[in-house]
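Presented below is the structure to which this report refers.
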Amino acid sequence: MLDTERINSDRRISDCKSTRRSFLKALGLSTAALALQRTCRSAEKKDRPNILFIMVDDLGKEWISCYGAEDIKTPNIDALAKTGMQFENAYSMPQCTPSRAALLTGQYPWRTGWVNHWDVPRWGVGYFDWKIRQNMTFARIMRKAGYATAAVGKWQINDFRVEPEAMRKHGFDDWCMWTGYETGNPPSGKRYWDAYVNTPEGSKTHEGEFGPDIYTDYLIRFMAEHKSDPMMLYFPMALTHGPTTTTPSEPNVEAKLDMHKAMVRYTDELVGRIVKALDELKIRDRTIIIFTTDNGSGGGWTGTRNGRKVRGGKAKKTENGVCEPYIVNCPGLVPQGVVTDALTDFTDLLPTFAELGGAKVPKDLKIDGVSVAPLLLGKAKDSPREWIMALGHGAAKLDEKGVRGKVDYTERVIRDKRYKVWVSKQREISQLYDLSLDPFEENDLIASTKPEHLAAIRKFQAVVDAMPTKDARPQYKPRKPNPWDKKLPAKT
């Protein structure tokens, strides 16, 4: 059953259509004129672009060949960059939950409270609550604007045993998601072979099947069914997060590094499969693809990028942890062959989606991000950003009030096109780097007395001073405890 928001939207659309028919008939317009009006509305609907947001799990630039990776080839991803726009300065958050909360809501983790990782199906207690106003997602905004919405892949911020309609309530008409590991339910740990998947029909094991194929095929079927509608498509991939595994294309690899490379190559293969489907459906030229990753690679992997060994930076605030591959592509809409140094971060996604789709962001909703749609469409040379920010590493903790960040004020990094600062738990700028000369952050300039360095510190200190002195807590309504909920440590 559809939620109240969708039902009300459908009623408004029906009332609008009825009023329009009555008005046109009162003017004496013929049936042919009414048909022309319907044709015009259909054309207007098709003019609104589809948006496909693909986000790989745990993969840094050192594993994407168009970004200089030397240990692997990713031809399908490279093709998107070659015929689209490649960003050099795009920030995610350092790890899973903060990145997802930021991109879904357009708000920084310090505002939503999700400043650390919290694996809801495994730990329970806290969850991403659709009833909280500040947890409004881009999917709800786009669905209200008339978009068909779908999500496939990895969610992991709700427990589908407790909230089987969580995806719909967060704004998705359809979904096909790995459940995340559900404590007390061992089959749910499988995201790859024998994947345990949740759809509107419930959760089940797909014996002998490879999860990433299930998610991708489901997405392609949704696109085929809704090819005449504007679509908002969210694909947070399960790949390339551990555990390492074989893939259908390379079933015999054994060494862990070989498995990792096979998983990256299969990620690229899935991107190619989706692009091919868009071509076959004849909607490629009105589908804006955004390809990125949620954070850097796991620390167990070291890749070679532009002649230098780069260890995975997941959960770190260094550039290999938060500055991600970010590619935008749509023939005829997005300029081709562009490499941009424009600044953007994950809070910009919600307002960008809204502007691209002609949707309205509620006026009472506080959004930290800004739309970069004019840049993506070639109508601007740069983004409006003067700085970008990343924060949120390590696991959250419990106290008597529920889930909270590990500290009152989470360490963070802020940068512009040249300089980057590290901000301590005491809200003090503790490190300064000139990324134009020192991209690997090896020469800390915090003690420098050069005017340009002092000016950079003042600039970023003003940003820090404009933020609250304490991070918010995640907001959700307490519910009846479950047997698998994480417990407070016993007092001694």
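Annotations for the structure displayed:
- Some residue of region 253-266 being in the same structural domain as THR137 (by TED's automatic domain parsing), out of contact with any His (no Cβ under 6 Å at 6 or more places or on another chain) and at positive phi: no
- Within the option set THR352, THR344, being buried (at least 21 other Cβ atoms within 10 Å of the Cβ), modelled with pLDDT of 95 or more and in a strand (DSSP E or B) holds for one residue only, THR344.
- Qualifying residue in region 465-478 (condition: in contact with a helix residue (DSSP H, G or I) (Cβ under 9 Å, 6 or more places away or on another chain), buried (at least 16 other Cβ atoms within 10 Å of the Cβ) and more than 30 Å from TYR181 (Cα to Cα)): yes
- Criterion (under 22 Å from LEU219 (Cβ atoms), touching a residue at least 24 places away in the same chain (Cβ under 8 Å), out of contact with any helix residue (DSSP H, G or I) (no Cβ under 6 Å at 6 or more places or on another chain) and basic (Lys, Arg)) met by exactly one of LYS169, LYS204: LYS169
- The listed residues are ASP485, ASP471, and the only one of them that is in contact with a Pro (Cβ under 9 Å, 6 or more places away or on another chain) and within 26 Å of GLN134 (Cβ to Cβ) turns out to be ASP471.
- Residue satisfying all of: in region 173-189; touching a residue at least 60 places away in the same chain (Cβ under 8 Å) and within 23 Å of ARG479 (Cα to Cα); nearest to the chain's Cα centre (by Cα) among these: GLY180
- Criterion: in contact with a helix residue (DSSP H, G or I) (Cβ under 7 Å, 6 or more places away or on another chain) and in contact (Cβ under 8 Å) with a residue 12 or more places away in the chain - qualifying residue of LEU257, LEU233: LEU233
- Verdict on GLY184 being at pLDDT 95 or above, crowded, with 22+ Cβ neighbours inside 10 Å and in the same structural domain as THR137 (by TED's automatic domain parsing): no
- Scope region 235-254; condition farther than 27 Å from LEU104 by Cα, of a type outside the set (S, T, N, Q) and surrounded by fewer than 14 Cβ atoms within 10 Å (Cβ to Cβ); matching residues: PRO248, PRO251, GLU254
- Within region 288-316, restricting attention to residues that are among the hydrophobic types (A, V, I, L, M, F, W, C) and in a loop (DSSP other than H, G, I, E, B), the residue that is nearest to LEU103 (Cα to Cα) is ALA315.
- Of all residues in region 312-334, those being more than 20 Å from the chain's Cα centre (by Cα) and crowded, with 18+ Cβ neighbours inside 10 Å number 0.
- Among the residues of region 222-229, not a single one is under 23 Å from CYS96 (Cβ atoms) and aromatic (Phe, Trp, Tyr).
- Qualifying position, being farther than 29 Å from PHE222 by Cβ, in the same structural domain as VAL338 (by TED's automatic domain parsing) and modelled with pLDDT of 95 or more, among ILE72, ILE77: ILE72
- Residue that is nearest to VAL310 (Cα to Cα), among those in region 441-459 that are touching a strand residue (DSSP E or B) at 6+ places or on another chain (Cβ under 6 Å) and assigned to a loop (DSSP other than H, G, I, E, B): GLU441
- Residue in region 315-337 that is free of Cβ contacts under 8 Å to residues at least 24 places away in the same chain and under 18 Å from LEU376 (Cα atoms) present: no
- Yes/no for SER371 being more than 30 Å from MET232 (Cα to Cα) and either touching a Ser or Thr at 6+ places or on another chain (Cβ under 7 Å) or not in a strand (DSSP E or B) (or both): no
Rundown of residues vs (1) small (Gly, Ala, Ser); (2) touching a helix residue (DSSP H, G or I) at 6+ places or on another chain (Cβ under 7 Å); (3) over 23 Å from HIS393 (Cα atoms), yes/no style:
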{"site": "ALA139", "(1), (2), (3)": "yes, no, yes"}
{"site": "LYS144", "(1), (2), (3)": "no, yes, yes"}
{"site": "ASN158", "(1), (2), (3)": "no, yes, no"}
{"site": "GLU165", "(1), (2), (3)": "no, no, yes"}
{"site": "ASP174", "(1), (2), (3)": "no, yes, yes"}
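- Residues within region 215-228 that are touching a residue at least 60 places away in the same chain (Cβ under 8 Å) and crowded, with 16+ Cβ neighbours inside 10 Å, tallied: 7
- Those residues of region 392-434 which are among the polar types (S, T, N, Q) and in a strand (DSSP E or B), in sequence order: SER430, GLN431
The values are calculated or read from the model by the stated rules, or taken from the named source; none is laboratory data. Worth saying up front: this structure is predicted, and the values here are computed from it rather than measured. Note that we place each Cβ from the backbone using ideal geometry, even for glycine, and neighbour counts take in every protein chain shown.
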